[in-house]
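The values are calculated or read from the model by the stated rules, or taken from the named source; none is laboratory data. Only a predicted model underlies this, so the values are computations on that prediction, with no experimental measurement involved. A quick note on method: Cβ atoms are made from the backbone with ideal geometry, for glycine too, and the neighbour counts reach across all protein chains shown. What goes into the accessible areas is simple: the full protein's heavy atoms, side chains included, and nothing from ligands, DNA or RNA. Shrake-Rupley method; radii C 1.70, N 1.55, O 1.52, S 1.80 Å.
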Amino acid sequence: MPPTNGLNPTLFHRHPSNPILSSADWPYRCNTVFNAGATLLADGTTLLLCRVEDRRGHSHFCVARSTNGIDDWNIDTEPTLLPDPENYNEEYWGIEDPRITWVPELRKFAIVYTSYSQAGPSVALALTEDFKTFERRGEIMPPENKDAALLPRRIGENWALMHRPVSSADFDAHVWISYSPDLRHWGSHKIVLHARKGPWWDANKIGLSPPPIETERGWLVIYHGVRQSGAGCLYRLGLALLDLQTPEKCLLRGETWVFGPEEDYEREGDVGNVVFPCGTTIGTDGDTIHLYYGAADTCIALATGSVQELLDWLERNGVPDGDDS
Ligand code: BMA
């Protein structure tokens, strides 16, 4: 049995060789490497689509591949996907925080990412079969919006996208879901998870972290909560479970955070006190979850857990999502 401590068991275990990737590993000069999307290829290779911030402060993506998902990374020697502002003006200030979903119906990977436009961050979609050539579909949610991911299959007839719009500083930032028949026209917008209020760890601003994981009990969601204080922001992770057939319905949501900045590489960096996962992979046992997260906006780290333990924890400690306003 893993060590448990009532409400606060250790659900994610940091890998001893953390951080597993940083700018020091990169084949070309850059500032930082963080917030990577993750997926498994058909041959079992782990692929990370890493956000690389250059020395101007603009980001692009670069692929790193590894057979064990831990070390011996084979990193593309040049940027894999650069912003293309001449054709996609919304990428003017770069592309950030990719989330990867394998979509069986399309037989393609969908990459949903933040395109940093002059009007603010927005959500863009690209499809790929091989992470070498990319089919850009452009901006699918206007600014200000980020932290988006596509569900791997249609819900009824429609595709489903989770995302996080922000209307203005006077209103809270919640996680939403929208539906589309064609990946282009989006509607039926609904709030899935509300930011809580007051002193909560996830008050005022939350966002989806990796793409939701489909389980027999529902869509397992790892989301981040941003605690704003006089000392700055604190990014921590919580869990929720959404109904399989009606994902806008939150069945359970934890009250406490389950993973937060503790180690030096999470506490200190370009933006300290940040753990920010954009991808997971599931091991061959169908249960071990590998959580790849950006640490302090500076490097990439790995923590592992068990999907069953996360679900059991939610069943013991979760409450239905409610608006805490
Ligand atoms: C969020 C995103 C992330 C970043 C985090 C902490 O708003 O922009 O890319 O990791 O802030 O700086």
Considering only residues of the range 14-28 that are touching a strand residue (DSSP E or B) at 6+ places or on another chain (Cβ under 8 Å) and aliphatic (A, V, I, L, M), which is surrounded by the fewest Cβ atoms within 10 Å (Cβ to Cβ)?
Ile20
Within the range 284-299, considering residues that are in contact with a strand residue (DSSP E or B) (Cβ under 7 Å, 6 or more places away or on another chain) and more than 16 Å from the ligand (Cβ to nearest atom), the one least open to solvent (accessible area, probe 1.4 Å):
Ile289
Looking at Val275, Val221, Val192, can you tell me which residue is assigned to a strand (DSSP E or B), over 23 Å from Leu40 (Cβ atoms) and open to solvent by less than 30 Å² (accessible area, probe 1.4 Å)?
Val192
Out of all the residues in the range 145-167, which are open to solvent by 10 Å² or more (accessible area, probe 1.4 Å) and either touching a Ser or Thr at 6+ places or on another chain (Cβ under 7 Å) or away from the ligand (no atom under 16 Å from the Cβ) (or both)?
Lys146, Pro152, Arg153, Arg154, Ile155, Gly156, Glu157, Asn158
What residue, among those in the range 300-322 that are closer than 30 Å to Trp73 by Cβ and of a type in the set (Val, Ile, Thr), is surrounded by the fewest Cβ atoms within 10 Å (Cβ to Cβ)?
Thr304
Pairs where the first residue, in the range 173-201, is at pLDDT below 95 and the second is buried (at least 17 other Cβ atoms within 10 Å of the Cβ) and outside any strand (DSSP E or B), C-beta under 7 Å, 6+ apart:
none
Please indicate, with yes or no, whether at least one residue in the range 234-253 is part of a loop (DSSP other than H, G, I, E, B), in contact with a Lys or Arg (Cβ under 8 Å, 6 or more places away or on another chain), open to solvent by less than 50 Å² (accessible area, probe 1.4 Å) and within 16 Å of the ligand (Cβ to nearest atom).
no
Test for Arg267: is it touching a His at 6+ places or on another chain (Cβ under 9 Å), within 16 Å of the ligand (Cβ to nearest atom) and open to solvent by 10 Å² or more (accessible area, probe 1.4 Å):
no
Given the residues Asn31, Asn35, which is the only one that is touching a helix residue (DSSP H, G or I) at 6+ places or on another chain (Cβ under 7 Å) and either open to solvent by less than 60 Å² (accessible area, probe 1.4 Å) or more than 16 Å from the ligand (Cβ to nearest atom) (or both)?
Asn31
Flagged pairs (Cβ under 9 angstrom, 6 or more apart or on separate chains; first in the range 229-244, within 24 Å of Asp297 (Cα to Cα); second more than 16 Å from the ligand (Cβ to nearest atom) and open to solvent by 30 Å² or more (accessible area, probe 1.4 Å)) are Gly238/Glu255; Gly238/Thr256; Leu239/Leu252; Leu239/Asn317
I'm told Gly207 meets every condition in (1) within 16 Å of the ligand (Cβ to nearest atom); (2) part of a strand (DSSP E or B); (3) over 24 Å from Ile100 (Cα atoms) except one. Can you identify the failing condition by its number?
(3)
All conditions in (1) away from the ligand (no atom under 16 Å from the Cβ); (2) part of a strand (DSSP E or B) are true of Lys132 except (2)
